[in-house]
Structures are given as structure tokens and as C-alpha cells.
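Reviewing the structure listed below.
The values are calculated or read from the model by the stated rules, or taken from the named source; none is laboratory data. Fair warning: this is a prediction, and the values are worked out from it, not measured in the lab. Note that we place each Cβ from the backbone using ideal geometry, even for glycine, and neighbour counts take in every protein chain shown.
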Amino acid sequence: MPKITCITTTYNEGLLLLTAVRSVLGQSFRDFEYLVVDDGSSAETLDILSCLDDPRLTVIRQAHAGLSAARNAGIALATGDYICLLDADDLRPNWSFAAIAKAIDATDADLLLCPGMLCDQRGQIGDFYDAPIFAQIAQELPEGVSQRQGAPHGRICALAQQLEPQSANKVVRRSFLKGAGVHFPAPYFFEDIFFHTLAIAQADRIAFLDCPTFTYFRRYQRAQITATQGELRFDIIPVVQLTLDAFARLSAFKDTAYRTAVLASCLKLIDWAEDGLAHPLRAAFRQNAKEMLAELKPEFCDNQCDYLFYPILPRARNRFSNLFAARVE
């Protein structure tokens, strides 16, 4: 079995798919398999896939079922000890797998969280959005490893929850994924918060890498899911509901500060989704969000921790004032 399985899903990326493929096949560390899951692409992407020839690469084709279903299909077929993901229009630097493998050997972690880089539309490269959170974790956890039995683990998980729920920033032990039942919530988009939350909450041992292992691209004239202004953004509401319901069934739910961090990360996404929504859809979106949030377990609205640690909460209370005024204040 290879040490690492990398999974890329593709749906009509065309030549842009080669961004991810070339970066993975160019890794200096070579003990890996690469699964590319095609989610019902048209002829251009299929032609490119048919030209890929590398013994480490396997192309999996399925009828169009959405990003979550494609990722789940790749996870089900993976054979590596650890699994990571990479979107088809992003890349990994050639040291990525070597750094990941070294960290795995040193920590034996169930979950490895890795910083990344951001390339904006003008080609300028800088730290990914969550660099300040990684810096805070490094300050509070100099050894870079947190274990469930350790005293600061809840605090570290609360901080890790605030990292961007980006699929490429996680490397997960395959046996842990299977045992914990961690998956992506098909058929919804904006699925990463569900996977992110459950992986952090259930991992017994979490490690943090100190070097970037991926580059995320923001692109002009690219129909990225996160750039849509239409009804697709409504998917964040059921995904948040699934995330909060699943977290409430875990032992970590008892930790007030951690529980609040999970709520804050979900509200941040709802807030973001509404801000980018087309104006005619905003009233319906807000009503749907209010109805979902009204079903929260009352413990999520506990005010026994420092809300200044989660700056999104005051804004959320204002936006959903008739709900949170009574339950949070």
C-alpha cells in the first residue's frame, strides 16, 4: 500500500486540470497513488484524462453526482495509509508530500493540518486566509502535536476549527476516516465545513505542519462554486444544519468554548454566503437560515465563554437579531 493517496475531482475543468495533475506527479516523494475522479465531464476534459499515463495515477469515471459524491468515491477506493485532496485548479509544491510524510512519521497523527498559499487574480502570492490562526496555534502548541488526553486539546481544536475548511489543508489517516465515518455530505456543495468539523472533533491526535503544502488560486473568468451568486449558495444552510447536528452527538459538544467555535465557524459561512447572494434571493435565504438556527440545541447559545474570541458572533446576533437576542444575550 502507498503511504499517501491524493484525490482530485474534476468536472469540465479542461486544460486547467493539468495544474493539479502536473504538480502531484512532480512530487519529490514518490510513495503515493493519485486518484482523479471524473464527475461526468464533457469531451474536452475526457480527452485530457485519456492522455494521462503514469503508473501512480488512476482515473475513475462516474455519472455527474456532485463534488461531495466524487470525493467520497475517491476515498472509498483509496489504498494509501493517509488521504489528502487537491482541487483540479490548484497545485501542490513539489516538496508537499515529502513534508507530509516526514510529519506523519514523526507524529503518527490521525489528522495533519497544513498551511497554504493564496494566488490572487493578478498572480500575486501570499499567505492563505488562515495564516494568523496557524500562527496562534504554533504559539500555543510549540511541539506541533495535540492529543485528546492532553489538557489543551479542546482549546487547540477550537482554534483548528477556525482554520479555513479547505479540503487541501488536511491529511487524514484512512483507517480513522473509516472508523469515524467521516465523509462529505452528498449531494450538497459548501461541503468542506462538515468534513472539517467532524475530522477535527474525532481525531485522537492532531498535528500541525509548519510549511505550506498547497496553493489555492482565485481566477478571473472561472466559474468557481464559491463565486456563484445564485441559489447554489442555499446549500450552506442544510450543510450547517448537518454539521451542528452531527457535532452535537459527539463528546466534544460538552466543551463550551469548542462548541462555540463550531457555531462561529458555521455562522461565518452563512454570513459570507448571504453577503455574496443576489439581492432578490436574500430575504428567502435569511428566512431559511433563521428557521434552521431556531432548531439549534440551546447549548449552542450558551454565553459562558469569551465571545470576543469568535468575532463573527456579534455580527451574527445582529443579523439574526430576533433569534439570537433571546438565546445568546
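Worth pointing out:
- Hey, R30 of a type outside the set (A, V, I, L, M), more than 23 Å from K178 (Cα to Cα), assigned by TED's automatic domain parsing to the domain that holds H196 and at pLDDT 95 or above or not: yes
- Looking across the range 88-137 at every residue that is polar (S, T, N, Q) and modelled with pLDDT of 95 or more, the one that is surrounded by the most Cβ atoms within 10 Å (Cβ to Cβ) is identified as S96.
- Going through (1) over 18 Å from T215 (Cβ atoms); (2) crowded, with 16+ Cβ neighbours inside 10 Å; (3) hydrophobic (A, V, I, L, M, F, W, C) one by one, A76 falls short only on (2).
- Here I156 fulfils each of the conditions (1) in a helix (DSSP H, G or I); (2) closer than 18 Å to A69 by Cα; (3) touching a Ser or Thr at 6+ places or on another chain (Cβ under 7 Å) apart from (2).
- From the list A248, A180, the lone residue that is surrounded by fewer than 22 Cβ atoms within 10 Å (Cβ to Cβ) and assigned by TED's automatic domain parsing to the domain that holds T107 is A180.
- Residue match in the range 82-104 (condition: without any contact (Cβ under 8 Å) to a residue 24 or more places away in the chain and either in a strand (DSSP E or B) or not polar (S, T, N, Q) (or both)): yes
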